[in-house]
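J.: Just dropping this structure here.
Derivation of every value follows stated rules applied to the coordinates shown; laboratory data play no part. This structure is a prediction, so every number in the text was calculated from the model and none was measured. Methodologically, a virtual Cβ is constructed for each residue, glycine included, from the backbone with ideal geometry; neighbour enumeration extends over all protein chains shown.
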Amino acid sequence: MTLRLDSLKANKGARRRKLRKGRGIAAGQGASCGFGMRGQKSRSGRPTRPGFEGGQMPLYRRVPKLKHFPLVNPKFFTVVNVSALNELKAGSTVSLDSLVKDGVVTSPKHPLKVLGNGELKVKLTVQAAAFTASARTKIEAAGGTCELLD
């Protein structure tokens, strides 16, 4: 016998009839339909929402407080190290636009954040959305100022 679409049939015992609950004692699941006698889980409607743990903080809310879980709304920055600002002219104002114009930053997708890697020897006024603590001290030690942008 060859296997054809019109001759396909489920194996014997593979398909069982569904239980007709609440149709009398002879049907196997009469009266309480397998939900027991009383209590929250025997009532009509969904007893509790998925993940409910009786008032205890559920797993899906406990777990993200632990380490190594990604932030839900992370902040993204275009980062520049203090060492990259040495090439700029002393006394100038540094912003994301001026860094793009000077070729220090190539993809200005996000707000500017200045990191403190390296040394700074020129006095600059730096305008950025964020500074690391070491970057701020190095800029101010060189005689420059840090201006936060919103």
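J.: Extending each Cα 7 Å along its Cβ direction at Leu148 and Thr93, get the distance between those two points in nm, one decimal.
T.: For Leu148 paired with Thr93, the spin-label model returns 1.9 nm.
J.: With a bin width of 5 angstrom, please list the P(r) values of region 78-148 as percents of all Cα-Cα pairs, from the 0 bin to the one holding the largest distance.
T.: Spelled out bin by bin, region 78-148 gives 4, 20, 34, 29, 12, 2 percent.
J.: OK, next. Sequence-distant or interchain residues sharing an amide H contact under 5 Å with Thr145, placed H: which?
T.: The answer is Leu124, Thr125, Val126.
J.: Then there is this: Fewest Cβ neighbours within 10 Å first, please rank His68, His110 accordingly. Please list the in-between numbers first.
T.: Details: His68 4, His110 13.
Ascending Cβ contact count within 10 Å gives the list His68, His110.
J.: Let me ask something else. Could you give me the ³J(HN,Hα) list for region 135-147, computed from phi with Karplus coefficients 6.51, -1.76, 1.60 and θ = phi - 60°, whole Hz, x at Gly and Pro?
T.: 5, 4, 5, 5, 5, 6, 5, 7, x, x, 10, 10, 10
J.: With r defined as the distance between the Cβ atoms of Lys21 and Glu53 and R0 fixed at 30 Å, what FRET efficiency is calculated, to the nearest 0.05? Write down the numbers at each step before the final one.
T.: On the way: r = 27 Å, r/R0 = 0.90.
FRET efficiency, Lys21 to Glu53: 0.65.
J.: If one computes P(r) from the Cα atoms of the chain, what percent of pairs lie at distances over 26 Å? Mind showing how you got there, number by number?
T.: Values: 6906 of 11175 pairs.
Result for the distance tail: 62 percent.
J.: Right, next: Too long at a 31 Å Cα-Cα cut-off: which of Lys109/Lys138; Lys67/Lys123; Lys65/Lys101; Lys21/Lys65; Lys67/Lys101; Lys89/Lys109?
T.: In this structure, Lys67/Lys123; Lys65/Lys101; Lys21/Lys65; Lys67/Lys101 lie more than 31 Å apart at Cα.
J.: Next question, about the same structure. What order do you get for Val63, Val100 when you list them from fewest to most C-beta neighbours inside 10 Å? Write down the numbers at each step before the final one.
T.: Details: Val63 9, Val100 15.
Ranking Val63, Val100 by Cβ neighbours within 10 Å, fewest first, gives Val63, Val100.
J.: Run lengths n ≥ 4 of DSSP H only: what is the helix-derived mean residue ellipticity at 222 nm for the chain, with -39500 (n - 2.57) per run over all residues, to the nearest 500?
T.: Working: 3 runs with 20 residues, N = 150.
Dividing the helical sum by the residues of the chain leaves -3000 deg cm²/dmol.
J.: A follow-up question, please. For region 65-150, which trypsin sites (Lys or Arg not before Pro) are both in a DSSP coil and crowded by at most 15 other Cβ atoms within 10 Å?
T.: Working: sites: Lys65, Lys67, Lys75, Lys89, Lys101, Lys109, Lys113, Lys121, Lys123, Arg136, Lys138; in loops: Lys67, Lys75, Lys89, Lys109, Lys121, Lys123.
Answer in residue order: Lys67, Lys75, Lys89, Lys109, Lys121, Lys123.
J.: Another question, then. Take Val94, Val114 and order them by how many other Cβ atoms sit within 10 Å, fewest up front. Could the numbers behind the result be given before it?
T.: On the way: Val94 24, Val114 27.
With the sparsest Cβ surroundings first, the list reads Val94, Val114.
J.: Using only the alpha-carbon atoms, what does region 53-103 span along each of its principal axes? Please give whole angstrom values in decreasing order.
T.: Principal-axis extents of region 53-103 (Cα, largest first): 65, 18, 17 Å.
J.: May I pose another question? If I take R0 = 30 Å and measure r between the Cβ atoms of Lys75 and Lys123 in this structure, what FRET efficiency does the formula 1/(1 + (r/R0)^6) give, to the nearest 0.05? Kindly include the intermediate steps, with their values, before the conclusion.
T.: On the way: r = 29 Å, r/R0 = 0.97.
Taking R0 as 30 Å, the efficiency between Lys75 and Lys123 is 0.55.
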